[in-house]
Structure formats: C-alpha cells, structure tokens
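Below is one structure, written out as structure tokens; the observations come after it.
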Amino acid sequence: MSTEALLVVAPFLKHVGGPLLGPAMLAGAARRAGHSVQVLDLAADWLRQVSPDLAYSPHSAFVGDHDRPAQRLRELEDRFLQETTPRAPSTRARVLRDIAVAARASFEDILNMSQALSRGPWGQWIEEGLAAAGRPKLLGISVMYSGQVLWSLAIVNVARRIWGDLPTVWGGAHITALQEQIAFEPRYRVAGHGFVFGYAEQTWVDLLDAIAQDAPWPVEVVPAGRGRTPAARADDHGPPHFGFLERTEGTMLTLPAQASRGCAYARCAFCTYPAVEGRYRQVSGGSWRPVVEQAVALAARVSFKDSLLVPTLLVDIAHAIAGRTSWSACTKLHPGLDRTMLASLAASGLGTLEVGLETIHPLAQALVDKQQAPKLLASLLDAATATGVSIVVNAMTGFPHIDPREEEEALATVEQAIRCRPGLAARLEHHRFELERRSPMGLNPDRYGIEVVGAWPWSSVLDWRATQLTGFDRTYSAGSNTERPRDLIVPRRAWPR
Ligand code: SF4
C-alpha cells in the first residue's frame, strides 16, 4: 500500500534517544482506522548523519531526555545553524546565535530565508529525504517549537517543487500556540492549506478519510485567515505507532508515553501548557500501558511526557511497570513525595524525577502564582538521596520586576542545596523567562505590569518591558532562601486568576 500521508518533523530538535510521541500518536490512530502514515523525522536523520555515535548512555544516572549528551547537542545545534541558516538583511543578528529565536523575523524575511534554504544544499538534502519516502496524498508538518519553523517552510517549498501543490496541513504545539495569529492573518497560507490546533488524532483520521473519499475536509482543519480557532479532536485511547525501532549496541532506547494531558495545577503565569494542551484529563491506559510493555520487550526505558504527573498517577504507573524497566516523569513539588513514596517509586524503576521549581524567590513565586516552600525541595532532595532517584530541578530567572541579583542568589541557594548532598544525582536546568503569547502573562500583560513592545509572526514569544506593577505589596525580605520569609505580604486574592 502506498503511503497516504507523510508526516515530517523538521530540524533542529535535541532528541536522540528514541521516537517522538506526537507523530507516533497520529500514526497509531491512522493505522487503527486503516490508513497508512509514514513519519519522516528529518531532525533525527540529520543528527544520525552528522554524528552516528550520538546516543543516550545506558550508564547515565539520568533516565528520559535527561541522559542526553547535552554539550555535544549544543555543539551540533551551533553547527546546524552555521551550515543551514541564510541571513536576511533585516533579521536581527541574534537570530543566528540561538535556534529558538530563528523565527523572530518578519513574514517576508522568514519566507525569503526558507526559499534560500530550499534552493541550496540543504534543499537538496530535504529533496532526497522526501523522494525516498515517496509522494503522499497528504503532507503533514509537525512543529513543536519556533526553532523548526524556518526549516518546516523549506520542507514545504521543496515538496511543492518536486510534487506540485500537494495538500499540506500544519499542526503541533507551536502551531497551537500561534492559533490566534493564524486565524486572523491570511499570509500564513503560504505555509499550507490547513492548520490544526491542539491534540488532533481523531481530526487527522477524519482528514485522511476525507482525502480518501474526495470529501470536504473536517471543520477542525482551518485555512489561515478564516477567523476561526476550532479545537482539533483528540483520540488518546489507542497506542502510538513507533514504526521500526532500532537499538544500537551500547546505547539506550527510550520510548515516550503520556498518562495525562493538560496540567492539574494550571496556574503558573508564565506557562502555556494549559492553553496548548487543554483542560487536564487522564488518558486511557490503552495508550500508555502498551508503550510500557513494548519498552519491557525491547529492554528500553520509558519517558513520561506529561506536563505534570500527579502522585496518584505516579503510583499507577509504578504498579504497571513494577521494576521491569527504568522510567522518568515530570511533576511538581508535593508533600506526598516523601521518602516512603520515593522508595516505592524507585523500586518500580523510577530513575529520574523532574520537578518544575522555577524559583524560590518569594516575590517571583507570588508573581507567577507558583508558590512552593523551599523546605519541600529540601525534603524531596533528601528522599532522592536516600532512595537513589535522580532529580532534575527546572529553574527560571529573568522574571519582570524581580531584582536580578536576588534571583541569582536564590538560584545559587538551590544549587547549593543540590551540592551539599553527597550521593545525590541531581541536575539544575536553568531557563530564562520568556513572555509566551498564550501564557496568562502574555494574554493579560497589564495585570503583571508588562508592556508588549514587539511580536514576530512565527514566534510564540513576545518582546516586552516591565512597567508599573500594582496591587502588590513589595514588603518582603529575600531572607535566607531556606524558609519562606515571614514578612512576605502577598495577598493571593489580589492576583489574577
Ligand atoms: S509550569 Fe508546570 S505546573 Fe505550572 S502550569 Fe505549567 S505545566 Fe503546570
């Protein structure tokens, strides 16, 4: 059977340990409905070609995406940018220093750069990949973040050159983040015939049905500029289809799974996950349990991709895995994550727990509505030290209205909390605050004392400056950063919901 749909993933993505979950969920849903879908992961292909020995180590203390060779991937990202990114006269110089900001350019610049890309050696490389896959009836473009936009447009250009005006649909987390812009701006039509917003397994099947029957497309697939942002229809009941899984000797294969969508907390003012993933719900075990069994059969690990796995789900997963393989998960600090619970999770195979701490700076915590007592972090680190679970702590600085020196002190305190526990395998992942369009801060900047001073059509982040913050009592003390300061006066109800 010829491939009905080709789902392409553009570089650059720092993933080397195994397949991606989103495209595999679409492929699984399509197969169950009798359609054939091929996933062409050009991001993984490029990494394999330039660095065949790049892989997750089976000997790392970290499981999931946290055992990736980070330094090597950074070098490859730089090389990728240097080799592939054409310069556009009006594009800011910093575009070339960071792939995630490669989309911070005007419509015209992005279009010109993508056309230059598709004509050069990079275009030839794309053409070879597409030609090997064969002409489909539908081209799907999956975009997870802004760093893939330019290269996704180049892929569409090449596909049109070799196959003509093929039906082309864009989706993924980044497209969902840009839905308002796409809905009201016809110029996005240059990218393709339709866009889908949100999890879209059922809509993808409906679209394949429509194409097979030469029927009208589902209403959830919208052309740009129509003023509509319908949520796509999801189907999380069935397992993903990963295709052929290759495991090289001496490396570790990691399979992605998901036990919930959305976020059970859903309040952090900087975060877009609740807006992009929709309301919180647990997904059927029919989708993640088969991944666990497949991983056990392949001696692979499982990385849970949930934005926040609540303790009850951690326990369910632990029971299902029952020590048969290693797994990783992301959660939030919680009093329930004590030594007893971590011991039980460790016995089930939990190797790495990632926690979204962001900051212990009290004013910053109040500003972004993510208030977590530092003693909860200390207790988690103690439990992890005792049980051998490795910890990844996500930290963020650069929040508006927060003194950068105090933020640095708070960050150093977290670093010290990790360092002072010999035997603990822990890593601090530091990010800078970015104002995301669909985060609470991006949707209501005035409420957070922020003024938006710039935007780019293909970027989900906004340029901003801090203005006046009102309704907030700044009487606080940075304190020791080990206890919540007693004189912190932040009336929670004064903060927007
Ligand atoms: S940062 Fe984490 S806990 Fe906060 S809303 Fe986002 S996903 Fe949920």
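The values are calculated or read from the model by the stated rules, or taken from the named source; none is laboratory data. Computed from a prediction, not measured in an experiment: that's the story for all the values here. Virtual Cβ from ideal backbone geometry, glycine too; neighbours counted across all protein chains shown. In case anyone asks, the SASA skips ligands and DNA or RNA and just uses the protein heavy atoms, side chains included. Shrake-Rupley method; radii C 1.70, N 1.55, O 1.52, S 1.80 Å.
Descriptive notes on the structure:
- Three-way shape call for region 254-494 based on the alpha-carbon gyration tensor, with the a/c threshold at 1.5: oblate
- Considering only the chain, percent of DSSP beta bridges that pair antiparallel, nearest 5: 20
- Among 433-446, 403-416, the order from most to least packed when residues are scored by Cβ within 10 Å on average: 433-446, 403-416
- The chain - percent of accessible surface contributed by carbon and sulfur, probe 1.4 Å: 50
- Charge tally in the Cβ shell below 13 Å around Leu313, where Lys, Arg are +1 and Asp, Glu are -1, Leu313 excluded: +3
- Set of aspartates and glutamates near Lys370 by C-alpha distance (under 14 Å), chain-local residues within fewer than 8 positions excluded: Glu358
- Expected-Rg normalisation [2.2 N^0.38 Å, Cα atoms] applied to the chain: 0.98
- Karplus (6.51, -1.76, 1.60) ³J(HN,Hα), θ = phi - 60°, over region 160-172, in Hz, Gly and Pro reported as x: 5, 5, 8, 10, x, 7, 6, x, 10, 10, 10, x, x
- Cross-link partners of Lys137 among aspartates and glutamates (Cα-Cα below 13 Å; sequence separation of 8 or more within a chain): Glu4, Asp165, Asp209, Asp214
- Cα gyration tensor category, rounded, prolate or oblate, for region 192-270 with a/c compared to 1.5: oblate
- Extension reserve of the Ala299-Glu408 stretch, reckoned as 0.36 nm per residue once the Cα distance is removed: 35.1 nm
- Where no second cysteine Cβ lies under 4.7 Å, the cysteines concerned in the chain: Cys263, Cys330, Cys420
- From most to least packed by mean Cβ count within 10 Å, the peptides 209-218, 342-351 give 342-351, 209-218.
- Span from the region 369-417 Cα centroid across to the region 184-230 one, whole angstrom: 42
- Anchor Lys14: lysines whose Cα lies under 19 Å away (excluding residues fewer than 8 positions away in-chain): Lys305
- Full-stretch length increase - Thr312, Ala347 - with 0.36 nm per residue and alpha-carbon distance subtracted: 11.0 nm
- Cα shape, region 407-475, gyration tensor, a/c 1.5 rule: oblate
- Average accessible surface for the chain: 42 Å² per residue, computed with a 1.4 Å probe over protein heavy atoms with every protein chain in place.
- Each Cα pair under 8 Å and six or more residues apart adds its sequence gap; the mean of these over the residue count of the chain is a relative contact order of 13 percent.
- The ratio of the alpha-carbon radius of gyration of region 1-64 to the globular-protein estimate 2.2 N^0.38 Å is 1.32.
- Segment Trp163..Gln124, full-extension length gain: 12.6 nm, with 0.36 nm per residue of separation and the alpha-carbon distance subtracted.
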